[in-house]
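Trainee: This is the structure I have questions about; it appears just below.
The values are calculated or read from the model by the stated rules, or taken from the named source; none is laboratory data. The shown structure was predicted, so the numbers you read here are calculated from the model rather than taken from an experiment. Methodologically, a virtual Cβ is constructed for each residue, glycine included, from the backbone with ideal geometry; neighbour enumeration extends over all protein chains shown. Just the protein is used for accessible areas: all its heavy atoms, side chains included, with ligands, DNA and RNA removed. Shrake-Rupley method; radii C 1.70, N 1.55, O 1.52, S 1.80 Å.
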There are 4 protein chains.
Amino acid sequence: VTEPLCVHDYELLARERLDPGCWAYYAGGSGDEWTLRENRAAFARWVLRPRVLVDVGEVSTATTVLGQPLSLPLVVAPVAYLRMAHPEGEVELARAAAAAGTIYTLSTMATATPAEVAGAVPGANRWFQLYVFKDEGLTRSVVEQAREAGYSALVLTVDTPRLGNREGQVRAGFNVQFGVPALGAIADAKLAPQDHFRELVAGATTWRDLEWIAELAQMPVIPKGIMTAEDALLAVEHGAAAVAVSNHGGRQLDGVAGALDALPEVVEAVAGRVEVLVDGGVRRGIDIVKALALGARAVLAGRAPVWGLAAGGSEGAARVLELLRAETELALALVGAASPDEVVRAHVGRT
Amino acid sequence: VTEPLCVHDYELLARERLDPGCWAYYAGGSGDEWTLRENRAAFARWVLRPRVLVDVGEVSTATTVLGQPLSLPLVVAPVAYLRMAHPEGEVELARAAAAAGTIYTLSTMATATPAEVAGAVPGANRWFQLYVFKDEGLTRSVVEQAREAGYSALVLTVDTPRLGNREGQVRAGFNVQFGVPALGAIADAKLAPQDHFRELVAGATTWRDLEWIAELAQMPVIPKGIMTAEDALLAVEHGAAAVAVSNHGGRQLDGVAGALDALPEVVEAVAGRVEVLVDGGVRRGIDIVKALALGARAVLAGRAPVWGLAAGGSEGAARVLELLRAETELALALVGAASPDEVVRAHVGRT
Amino acid sequence: VTEPLCVHDYELLARERLDPGCWAYYAGGSGDEWTLRENRAAFARWVLRPRVLVDVGEVSTATTVLGQPLSLPLVVAPVAYLRMAHPEGEVELARAAAAAGTIYTLSTMATATPAEVAGAVPGANRWFQLYVFKDEGLTRSVVEQAREAGYSALVLTVDTPRLGNREGQVRAGFNVQFGVPALGAIADAKLAPQDHFRELVAGATTWRDLEWIAELAQMPVIPKGIMTAEDALLAVEHGAAAVAVSNHGGRQLDGVAGALDALPEVVEAVAGRVEVLVDGGVRRGIDIVKALALGARAVLAGRAPVWGLAAGGSEGAARVLELLRAETELALALVGAASPDEVVRAHVGRT
Amino acid sequence: VTEPLCVHDYELLARERLDPGCWAYYAGGSGDEWTLRENRAAFARWVLRPRVLVDVGEVSTATTVLGQPLSLPLVVAPVAYLRMAHPEGEVELARAAAAAGTIYTLSTMATATPAEVAGAVPGANRWFQLYVFKDEGLTRSVVEQAREAGYSALVLTVDTPRLGNREGQVRAGFNVQFGVPALGAIADAKLAPQDHFRELVAGATTWRDLEWIAELAQMPVIPKGIMTAEDALLAVEHGAAAVAVSNHGGRQLDGVAGALDALPEVVEAVAGRVEVLVDGGVRRGIDIVKALALGARAVLAGRAPVWGLAAGGSEGAARVLELLRAETELALALVGAASPDEVVRAHVGRT
């Protein structure tokens, strides 16, 4: 038995340490989990085209998203209820992201408030993920908490007018044991996540809402959950600062394409007007380089750092991020790019 | 062990409860069962393209077929010999369809007469499936029974000039223990289904027969078993009210494409002149939405409600239909369509 | 346990009854047996497009090849050393073919002479398969035996300048226990088949040889083993009466396409000037109908009747042929063709 | 149990005889070993198109590379640390190559010096593989050793600015037990191969280095590790004598295409100006013929002869080479080519 060498190893450790319900929550998808599997399968449909005898004596994985510096082209994606994975949950994962030199995205459905996370990891750059609620006051309250705590971008989840049918959670008897303090009184209710959503989330949210939310938030807004060129164009028209191609990790609508397969049409549609992120199935540095080559500015990764968090707290999560950074550095070197900016479309082809 | 969460769960329950011969009859296909598997595989070749930030605060699955209202875009397909699945067979399934707000299609080879089913579930909308017999008088008798009992459409099975070679039934020692009362004297014969067919069914039926049958039936006729653009055009020419794309659930000619893969060419051929239904492999709400996106007005589903019937009678079948309705509603919401009518071709793409 | 219902069942019976070496000889292919598997896989790449409401009240599977009548579009392919499968080997299989109303092709490497087979089944139509030997006199002797015994076509194997590397035979310890009486003195040598070939077969045979052989044989010559349009054209130019698309059942060059996948280019190249046969992987009536739709006049089938022979002698082989005829009849009916001549290219499409 | 019949058999023997760490070193790839598997899978995407009735009475597998004669279109690829596989390692494998009439390529990371190998197998033709070191003096020293020992071509590995992440080696606890005498003082250090590389290899090597190395070496230089048309063109421009398409046997960047799939674009780009070699996944004579048909002059094979070396020393390796030669001869005969020069692009097609 060696120490964990890659994200897959951390996934196995997390599976051992989490109770089956929590594992089902984090690892599972919706319906028949076809899209969950497609997220991984999509990466295997694209091959890297390595260029050789390029000077890669010095390789840096550092880049920026929205002008904000990152040590690698990866932002920690929002994941809910992290106290299930670790007693200090979101705070611990935010520490890891800061230690790794990248951005942590706090979920609306976090078990710590935006202020708590900000206070625990001062000086770090952070994003905040937003669900829009039926109760506009509640939405405003949450956005204001994020703004006041100095979050630097708003990741607006747009693929969840309702929660996907995550049957694996039901079969595993999953129940959230934690409240959501950012939601105030709701925090005490300890509702199952389905119940939170049925009661709270606004299915009627539209592109117009993006505009008042952006104005209220006074920070860049990144709609997350775009899977089509059509919606990418609408996002640009409605003032999105970037778009995140995502199928919610296979947790919302099953039967949707793997995220990487949707990336090219989105990149083509936005035509450089905004940055594009992508989310779903990232487990290796080569996945990140494929995403860069297809036009992503960076990836979002949720499960990978959570496996590290579950396996070893902040240190485990930071090690996962460092593994991914080192793998990305190696992949850049071997593909013949001294930095993310040197990765171009010709670095990938179809199988 | 949780309660059944999806159609797959009901399938497992049905397998437990049915004797192996009946299971083989309902679940099996013909030959090497390649087409049976293709019916499912075809759905995985098409991906949903979800549109986001559409107002799906209110979603309705209701639609119409031939102008007749349905609570979801699904008609219960004809299945023979339902007393094998439940003591009250066809009547019980008709009750479930009515309770679910959709249409039940009674098979010619039913173990209850058209009148019995009509009498047991008054006020409900029903279709009748017809096999054309060598004995024209027998065909006329059956059509008249359906007409007099108030059935509102005739589903004319066109893919069964002979019965497919369903070897699984032979291997399982399957024998029908019930007669077919609609056929009168034949009802007592208790022939195996192959024998019913060899003796009764007219292999020489042609498109011209569709015309006198329609006139006799005085109701819309829907040829079921169309797998090509050529036949779709002939159906329209010969006065079909709608066409049903179907390979008879993989039970007739093995080696035929999955039904969903044949749908686009049929939809293109009929070019909106008649409605198109599709049948084969529907197990999930996302399957229904894919079919709608490819141009189907609704799907026909046989095995799914029969699994519910076998597992829990009328209540079980109604629960299967409600599960499929709820899944369809969720899929519509997540694809960004507030109703079946809002689903368009761009909601699907190829894998 | 039911009686055998299809060719697969006979294959299982044959496997039980043959000793492992003989099984390896008949069932195996060359190299990694990729082409052996592709022969079956190729059939699954083509789907039948059934036409409905065609008058198929009467369906006949009868056809002709080279103007010679057949009860079904299938000729029994040449297979060597049939006494390994049954004490009366070739004679017994010839009886089955005659009983089934089709043509038996006797192999050069048979364990009975052309005259013995002809004498045992008088009145039946027979073809003879020829390998060209280094010793021209030996070739002439064999052809003359076939001519004098009244064989009506010469199937000239063109894909065997050397024997394929059939490692499975070596691993199974296979050794032929029978001589080849048509070869005269050689018959006593009881060489392993590899040795027969190494010593006897002419690797230097070319298209010019086809001409003197045809003249000597005074019967139509059908080159068997054509896998390209280029060779199909050469065959026509050099006077072939028909061509047989074949990869020798996956026993010669591994890595070659499945035979059915090579059929379309050959059919296109010959453009109706000669008939086209195809050989490899036929196990079902639907396989035969797919081959017809792609332009074959008939299929050659070797292993399928040999499984019948091994399982039940002449009767078993005849039953396999009748099963295939009945399946073909059913497939014709369900595809909407009352005879092989009514099958057209539009009856198949790609998966 | 028969004697080994093919390379797969030798692979199994080698696996038995090598300790798990050495096995992991030779057999494994990097990352998830996707590219390792693709190297084999790529061969199955191309099918041979055999031509028949070509005179193949005499078939020769002999060819030339860079004008140097070879008994078959296969050069033994460089493999490091061969004393792990056999006490006499490189010398023993060089003997096998000479006995088989082909060229042995000695690795820079060999456990014998260029002079030792040359002295032990006098009169044989040999190539030398070069890694470029940070320390230019070390590079010069190694090149000079090769030049002075009469090596006839320099295989310049261009895909290894850093070593791939070969996790399988770490999991197996692999550690090199041998030094690299060509590197002089370093030879004593017995560093793990990763450490050799981290400390020694120049990630900053560029195309310009190819020029001074060629001048110093005074022999033809073959960049190995080209996977794109772009780099193939640069290689030609910078004076490469040939190019070797290779992904380093799946040991460098995982996620890269199978080598055979990259061959066509390289062949098209160089347009006959230099010869093209290909490396990765060769296990059968048909693989070699497919590579020839796609435009390779010859293949490089590393693992196959090493399995022979591990299983039976020089004799085992020579037998592997002879097996591949005999399989190539058979494949040439069956594809209708009397020599490698007669193989053309039309001898392969896509599956």
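Trainee: Please give the average number of partner chain Cβ atoms lying within 10 Å of the Cβ of each residue in A:305-312, rounded to a whole number.
Mentor: Working: counts 0, 0, 0, 0, 0, 0, 0, 0.
The shielding value for this peptide is 0.
Trainee: Give C:K134/C:K290; B:K290/D:K290; A:K134/A:K290; D:K134/D:K290; A:K290/D:K224; B:K224/B:K290 a once-over and call out the pairs whose C-alpha atoms are over 30 Å from each other.
Mentor: Beyond 30 Å: C:K134/C:K290; B:K290/D:K290; A:K134/A:K290; D:K134/D:K290.
Trainee: Quick check: from the Cα gyration tensor, does the protein assembly as shown come out rounded (a/c under 1.5), prolate or oblate? Write out the running numbers ahead of the final one.
Mentor: Values: a/c = 2.24, a/b = 1.00, b/c = 2.23.
Verdict is oblate for the protein assembly as shown.
Trainee: Provide the descending list of Cα extents for segment B:226-343 along its principal axes, expressed in whole angstroms.
Mentor: 41, 35, 25
Trainee: Something else about it: Roughly how tilted is helix D:136-148, in degrees to the nearest 10 and between 0 and 90, from the longest Cα axis of chain D?
Mentor: So the inclination is approximately 50 degrees.
Trainee: For the protein assembly as shown, what proportion of DSSP beta bridges, expressed in % and rounded to the nearest 5, is antiparallel?
Mentor: Values: 28 of 128 bridges.
Bridges in the protein assembly as shown that DSSP calls antiparallel: roughly 20 percent.
Trainee: Distances from D:P122 to the same position in the other copies: list them in nm, one decimal, shortest first, using label points 7 Å from Cα along Cα→Cβ.
Mentor: Those separations, rounded to one decimal, come out as 8.0, 8.0, 11.3 nm.
Trainee: Quick one: 3J(HN,Hα) in Hz for segment B:322-327, Karplus 6.51/-1.76/1.60 with θ = phi - 60°, rounded, Gly and Pro as x.
Mentor: Along segment B:322-327, the couplings run 5, 4, 5, 5, 5, 5 Hz.
Trainee: Could you give the accessible area per residue of segment A:63-133, probe 1.4 Å, as a whole number in Å²?
Mentor: 25
Trainee: Using only the Cα atoms of segment A:309-351, build the gyration tensor, take square roots of its eigenvalues as a ≥ b ≥ c, and label the shape rounded, prolate or oblate: rounded if a/c is under 1.5, else prolate if a/b is larger than b/c, else oblate. Working shown, then result.
Mentor: Working: a/c = 3.77, a/b = 2.46, b/c = 1.53.
Cα axes put segment A:309-351 in the prolate bin.
Trainee: Using only atoms on other chains, find how many Cβ atoms lie within 10 Å of each Cβ of peptide A:43-49 and report the average. Please report the intermediate quantities before stating the final value.
Mentor: On the way: counts 3, 4, 1, 2, 12, 8, 10.
Mean inter-chain Cβ contacts per residue within 10 Å come to 6.
Trainee: If I compute solvent accessible area with a 1.4 Å probe over the protein chains, what percent of it on the protein assembly as shown is carbon and sulfur? Can you show the working numbers first?
Mentor: Values: 22810 of 45300 Å².
C and S atoms contribute 50 percent here.
Trainee: For segment A:170-308, what is the accessible area per residue in Å², given a 1.4 Å probe and the full set of protein chains? Numbers along the way, then the final one.
Mentor: Details: 4230 Å² over 139 residues.
For segment A:170-308, the per-residue accessible area is 30 Å².
Trainee: How many angstrom separate the Cα center of segment C:104-149 from the Cα center of segment A:158-186?
Mentor: So the two Cα centres are separated by 78 Å.
Trainee: Could you state how much accessible area is buried at the C-B interface, both sides summed, with a 1.4 Å probe, in Å² to the nearest 100?
Mentor: Values: alone 14030 and 14040 Å², together 25350 Å².
By this definition, chains C and B bury close to 2700 Å².
Trainee: Rounded to two decimal places and with Rh computed the Kirkwood way over Cα pairs, what is Rg over Rh for chain C? List each step's numbers first, then the result.
Mentor: Details: Rg = 18.8 Å, Rh = 20.0 Å.
That ratio is 0.94, to two decimals.
Trainee: Then there is this: Kindly give the distances from C:R208 to its copy-mates, label point to label point, with each label point 7 Å from Cα along Cα→Cβ, as nm values to one decimal ordered shortest first.
Mentor: Nearest to farthest, the other copies are at 6.2, 6.2, 8.8 nm.
Trainee: Take peptides A:176-184, D:278-286 and line them up by average Cβ neighbours within 10 Å, highest first, as a rough protection proxy.
Mentor: Details: A:176-184: 19.6, D:278-286: 28.3.
So the peptides A:176-184, D:278-286, ranked by packing, come out D:278-286, A:176-184.
Trainee: So, one more: Could you grab the relative contact order for segment B:175-319? Cα pairs under 8 Å, six or more apart, rounded to a whole percent.
Mentor: Details: 198 pairs, mean separation 21.5, N = 145.
That works out to 15 percent.
Trainee: So how do C:151-164, D:14-27 stack up, highest first, on mean other-Cβ count within 10 Å?
Mentor: Values: C:151-164: 24.6, D:14-27: 18.8.
Descending packing order for the listed peptides: C:151-164, D:14-27.
Trainee: Kindly give the distances from D:P87 to its copy-mates, label point to label point, with each label point 7 Å from Cα along Cα→Cβ, as nm values to one decimal ordered shortest first.
Mentor: So the distances to the same position in the other copies read 6.0, 6.0, 8.5 nm.
Trainee: Give me the inter-chain shielding for B:220-231: mean count of other chain Cβ atoms within 10 Å, whole number please.
Mentor: On the way: counts 0, 0, 0, 2, 1, 4, 4, 7, 8, 2, 5, 7.
Rounded to a whole number, the mean comes out at 3.
Trainee: Quick check: Cα centre of segment B:228-287 to Cα centre of segment D:283-351, how many Å?
Mentor: One Cα centre to the other: 50 Å.
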